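Below is one structure, written out as structure tokens, with a few remarks after it.
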Amino acid sequence: MEGKEISQAVIGRLPRYFRYLGELRDEGVERISSQDLSGLMQVTASQIRQDFNNFGGFGQQGYGYNVDYLYKEIGKILGLDQHHHLIIIGAGNLGQALANYMNFEKRGFLMKGIFDVNPQLFGRKVRNLTVEPMEMVEQRIREREIDIAVLTIPKGSAVEIADKLVSYGVKAIWNFAHVDLDLPEGVQVENVHLSDSLMKLSYMISCYENQRG
Ligand code: NAI
């Protein structure tokens, strides 16, 4: 697998494989064929085989894939065999909702702090975290070995804050602010726009209704 360029489309599908395999594993399923996985995930068996062939095929031997092995291997590819330490910048509605979502921890994403500029929020408990002022961010990033910052602040201040976070040592930004971040090479950004997903849904409704006339 080393040296081989994997397409973004394949990488984009890996989390879904990982999620389904995790559920199968929790249900005690030991082996699954690409046909059965295909039926479950509504993806063609040939697509599954092609995707997995990018990583050497994961040992499909006629009798199917070993679920636990496949789950762990895909987890390794996604970097989920390591823990990540996250902080949330912006303790408003979205920041608090993310801090309250416990399942990230199951995947190795550990929430280590939440920060805001609004003094009225300082000291507020959000699950196991306490909202701290932005003045504490640099120190916390260094002492808690933070690698990912979650940006849930308005777009006006997002660029400036992102630059600061990078200078303090974060390696990646999970960006919910509606602005493109231009960060140095080596710093990873994943932009999340829930409204894009909603617009896709709207498009699907329109397509379906147009087809039915
Ligand atoms: P909110 O107003 O409830 O929270 C924003 C928080 O950020 C406030 O507590 C505010 O004091 C804090 N803040 C502002 N400037 C800051 C700074 N420089 N440093 C630290 N904290 C700062 O807003 P909400 O609903 O939580 O949304 C947050 C942002 O995320 C908004 O800009 C919104 O447009 C965006 N958003 C994006 C979504 C997406 O899918 N990408 C979905 C929902 C919201």
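The values are calculated or read from the model by the stated rules, or taken from the named source; none is laboratory data. The shown structure was predicted, so the numbers you read here are calculated from the model rather than taken from an experiment. A quick note on method: Cβ atoms are made from the backbone with ideal geometry, for glycine too, and the neighbour counts reach across all protein chains shown. Please note that ligands, DNA and RNA were not included when accessible areas were found on the heavy atoms of the full protein model with its side chains. Shrake-Rupley method; radii C 1.70, N 1.55, O 1.52, S 1.80 Å.
Among the residues in the range 158-174, are any under 18 Å from residue 99 (Cα atoms), open to solvent by 50 Å² or more (accessible area, probe 1.4 Å) and more than 9 Å from the ligand (Cβ to nearest atom)? Within the range 158-174 (the criterion being under 18 Å from residue 99 (Cα atoms), open to solvent by 50 Å² or more (accessible area, probe 1.4 Å) and more than 9 Å from the ligand (Cβ to nearest atom)), the answer is yes, since at least one residue qualifies. Which of the residues spanning the range 101-155 are closer than 18 Å to residue 177 by Cα and away from the ligand (no atom under 14 Å from the Cβ)? Correct list: 148 only. When residue 97 is tested against (1) away from the ligand (no atom under 16 Å from the Cβ); (2) within 16 Å of the chain's Cα centre (by Cα); (3) within 30 Å of residue 40 (Cβ to Cβ); (4) not polar (S, T, N, Q), exactly one condition is not met: (1). Of all residues in the range 33-53, exactly one satisfies the criterion of being open to solvent by 30 Å² or more (accessible area, probe 1.4 Å) and either on the phi > 0 side of the Ramachandran plot or touching a residue at least 40 places away in the same chain (Cβ under 8 Å) (or both), namely 42. Considering the range 175-190, and only residues there that are open to solvent by less than 100 Å² (accessible area, probe 1.4 Å) and part of a strand (DSSP E or B), the residue that is farthest from the ligand (Cβ to nearest atom) turns out to be 189. A Cβ distance below 7 Å, combined with a sequence gap of six or more or placement on separate chains, defines the contacts here; from the range 105-124, residues that are without any contact (Cβ under 8 Å) to a residue 24 or more places away in the chain reach residues that are more than 12 Å from the ligand (Cβ to nearest atom) and assigned to a strand (DSSP E or B) in the pairs 123/130.
Listed here are the residues, each with its yes/no results for (1) at pLDDT 90 or above; (2) within 30 Å of residue 149 (Cα to Cα).
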site	(1), (2)
174	yes, yes
179	yes, yes
199	yes, yes
204	yes, no
210	no, no
213	no, no
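Got at least one residue in the range 64-71 being in a loop (DSSP other than H, G, I, E, B), in contact (Cβ under 8 Å) with a residue 24 or more places away in the chain and open to solvent by 80 Å² or more (accessible area, probe 1.4 Å)? The answer is no, given that none of the residues of the range 64-71 is in a loop (DSSP other than H, G, I, E, B), in contact (Cβ under 8 Å) with a residue 24 or more places away in the chain and open to solvent by 80 Å² or more (accessible area, probe 1.4 Å).
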